[in-house]
Amino acid sequence: MATNIVIIDDHQLFREGVKRILEFEPSFNVLAEGDDGSEAISLVEEHNPDVVLMDINMPQLNGVEATQELIEKYPDTKIIILSIHDDENYVSHALKTGALGYLLKEMDSEALIEAVKVVADGGSYIHPKVTHNLINDYRRLANSQETGGFKQSEVRRPLHLLTRRECEVLQMLADGKSNRGIGEALYISEKTVKNHVSNILQKMNVNDRTQAVVTGIKNGWVEVR
């Protein structure tokens, strides 16, 4: 089944580049493009896409406002925010409105394609660099005596649940590495990395990489560094 996509971004050159990347994937079908949040709403009404790629900064109705309005009207809309901002406040605000993905515009084609596939399947996807920043914020909170947080004790790898290799991959997900980065670090193919990630999600009973990392942190299965 094809994944139908609408792209909303007020920079035409960037929008066209994203479209070209997506059209290289046989299972993707770009239905329409727009340059403003208000246009996003009308295009979703017209085309009922599986995934909407939404720029966060637009002159009239911005991406977060458009996302909120779309989710209110069409709760099943799956939206990925495109942004230049890796600040936690931007990310949290976007996700709270109902977006299922958050990608930085410095993304490579691999991250874009992976994000669309994950979100289309009902999961969520946060750019690895943003995940790393969120984890760093968590670490500062966890290690802060003033906030009453806790200091992470000894890390215990979940060998009762995952293989040693899967534990290594989980740690690298927590470090914010992409599939390509994990493959290069472990000298394995990206396809093998994807298989490991899929096994981790299934064994941990979570929907996506971010949930796996959060679960790993809460259980002391990964080192927050």
Within region 83-100, identify whether any single residue is out of contact with any helix residue (DSSP H, G or I) (no Cβ under 7 Å at 6 or more places or on another chain), among the polar types (S, T, N, Q) and not in a helix (DSSP H, G or I), and answer yes or no.
no
Would you be able to tell me the number of residues in region 182-200 that are open to solvent by less than 30 Å² (accessible area, probe 1.4 Å) and within 16 Å of Ala115 (Cα to Cα)?
2
So, in region 76-128, of the ones that are at pLDDT below 85 and in contact with a Phe, Trp or Tyr (Cβ under 7 Å, 6 or more places away or on another chain), which residue ends up surrounded by the fewest Cβ atoms within 10 Å (Cβ to Cβ)?
Leu95
So Val206 fits all but one of (1) closer than 23 Å to Ala120 by Cβ; (2) at pLDDT 90 or above; (3) among the hydrophobic types (A, V, I, L, M, F, W, C); what number is the exception?
(2)
Looking only at region 171-225, which residues are touching a strand residue (DSSP E or B) at 6+ places or on another chain (Cβ under 7 Å) and part of a helix (DSSP H, G or I)?
Thr210
Considering region 18-37 alone, what residues qualify as being of a type in the set (Gly, Ala, Ser), surrounded by 15 or more Cβ atoms within 10 Å (Cβ to Cβ) and at pLDDT 90 or above?
Ala32, Gly34
Any residue in region 22-41 that's part of a strand (DSSP E or B): show its pairings with residues that are among the charged types (D, E, K, R) at Cβ separation under 7 Å, as long as the two are six or more apart or on different chains.
Val30/Lys19; Val30/Glu23; Glu33/Arg15; Glu33/Lys19
Output yes when any residue across region 38-58 is surrounded by 21 or more Cβ atoms within 10 Å (Cβ to Cβ), of a type in the set (D, E, K, R) and farther than 12 Å from Thr3 by Cα, and no when none is.
yes
Here is a check on your reading of the model: is Pro75 more than 23 Å from Leu13 (Cα to Cα) and assigned by the TED database to the domain that holds Arg15?
yes
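The values are calculated or read from the model by the stated rules, or taken from the named source; none is laboratory data. All values reported here derive from a predicted model rather than from experimental measurement. We place every Cβ from the backbone using ideal geometry, glycine too, and count neighbours over all the protein chains shown. For the accessible areas, the whole protein counts, side chains as well, though only heavy atoms, and no ligand, DNA or RNA atoms are used. Shrake-Rupley method; radii C 1.70, N 1.55, O 1.52, S 1.80 Å.
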